[in-house]
Amino acid sequence: MSTIQLVSEHACFGGMQQFYKHDSRETGGPMKFSVYQPPQAKSGKVPVLYYLAGLTCTDETFPTKAHAQQVAAELGLMLIAPDTSPREPRIPGDADKWDFGQGAGFYVDATEAPWSTNYRMYSYITRELPELVAANLPALKEATGIFGHSMGGHGALTIALRNPTQYKSVSAFAPIGAPMQCPWGQKAFGNYLGPDQEKWREYDASVLVARKAFPTHMLIDQGTADQFLKDQQLLPEKFAAAAATSGQKLNLRMQDGYDHGYYFIQTFMGDHLQHHAKILK
């Protein structure tokens with residue numbers, strides 16, 4: 001297992017906002033992630049919540065824009081935000097499109113060349129990163145939750161649904177709810193996973209939730225003024241319909257007037273952290 005290297009740390013609401021880097025076995029290059037350690041982590045292990053960011057974001061987006069640390073400090077939650085894709089080694093054309101390649105790993109394990117060697121974000125998030133966290137940080141492994149935004153909302157939902165014993169709680173902001181049925185998902189899955197749509201089904205939250213409900217209730221917030229909702233990229237109604245078929249407990253809240261950005265996320269962040277804390281504690 002690779003060791004993690006502290007890049008920087010900053011006192012924040014009685015705890016510590018930290019940024020780490022390490023060499024990744026899954027992605028074959030350096031990876032970065034951020035950690036907020038609440039004040040309670042000074043005296044023992046605390047529940048841990050992973051946040052998966054959206055297209056074009058980095059490990060720094062969540063800690064700087066989401067305004068989550070104050071409530072996390074009150075609740076005693078550790079917050080971990082990984083990067084959204086490998087950054088090295090570079091693949092020709094990997095930064096040509098904002099919605100595919102660098103900053104757009106879609107939390108899948110790619111099976112198609114040239115992406116399959118390094119673009120292994122599913123295994124990185126579900127296996128390697130939790131191992132590093134358990135070995136180096138005061139996180140309660142048995143009290144782990146996951147949430148995310150947009151592409152990261154898709155990642156959080158699919159990862160939780162596929163690993164219901166590893167993750168005890170899940171929520172999402174404006175997730176890509178049915179990626180097989182939207183342009184973003186079709187582009188990413190077609191390039192990362194190839195033409196066989198059976199492979200795609202393992203990374204589609206609507207397919208997965210229709211198959212089997214997650215053990216605890218889900219919270220999803222979606223703004224009604226979200227441009228990507230209008231563009232049929234997010235499809236929350238498809239996810240809600242699929243959830244109903246398996247009896248999934250779901251609180252889908254349509255938030256009037258909110259768009260896709262971090263002012264929306266800031267507004268409802270406290271609700272999401274409370275949602276996770278109730279289940280994890």
Under 19 Å from the Cα of LYS199, which lysines turn up, not counting those fewer than eight places away in the same chain?
LYS187, LYS212
Give me P(r) over the chain, computed from all C-alpha to C-alpha distances, binned every 10 Å, as integer percentages.
7, 32, 38, 20, 3, 0
Probe 1.4 Å, heavy atoms of protein chains only: per residue, the accessible area of the range 30-97 in Å² is 38 Å²
Give me the distance between the Cα centres of the range 1-35 and the range 205-281, rounded to whole Å.
28 Å
Enter the accessible area of ASP96 (Å², nearest 10), with the probe set to 1.4 Å and all protein chains included.
120 Å²
When the range 57-138 is reduced to its Cα atoms, the Kirkwood hydrodynamic radius in Å
14.3 Å
Percent of Cα pairs exceeding the 15 Å cut-off, where the set is the range 105-179
58 percent
Just to be sure I understand: with springs between alpha-carbon atoms less than 10 Å apart, which residue in LEU79, LEU49, LEU252 has the highest mean-square fluctuation in the Gaussian network model of the chain?
LEU252
If the only charges are +1 at each Lys and Arg Cβ and -1 at each Asp and Glu Cβ, what is the size of the charge dipole of the range 1-109 around the Cα centre, to the nearest 20 debye?
280 debye
Let me check I've understood the local charge: for GLU88, count other residues with C-beta under 15 angstrom from its C-beta, Lys and Arg +1, Asp and Glu -1. What total comes out?
+1
With every protein chain in place, the chain: carbon and sulfur % of accessible area (1.4 Å):
51 percent
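Just add up the charged neighbours of VAL48: K/R +1, D/E -1, any other residue whose Cβ is under 14 Å from the Cβ of VAL48.
Within the 14 Å Cβ shell, the charges total +2.
Based on DSSP H runs of at least 4 residues, each adding -39500 (n - 2.57), what is the mean residue ellipticity at 222 nm of the chain after dividing by all its residues, to the nearest 500 deg cm²/dmol? Spell out each step's value before the answer.
Values: 10 runs with 89 residues, N = 281.
Taking each H run of at least 4 residues, the total per residue is -9000 deg cm²/dmol.
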Semi-axes of the equivalent ellipsoid for the range 38-190, please: Cα gyration tensor eigenvalues, times 5, square-rooted, ordered largest first, whole Å.
27, 16, 15
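The values are calculated or read from the model by the stated rules, or taken from the named source; none is laboratory data. Note that this is a predicted model, so its numbers are computed, not measured. Cβ coordinates were reconstructed from backbone atoms using ideal geometry, including for glycine residues, and neighbour counts include every protein chain displayed. Surface accessibility is based on the protein's heavy atoms, side chains included, excluding ligands, DNA and RNA. Shrake-Rupley method; radii C 1.70, N 1.55, O 1.52, S 1.80 Å.
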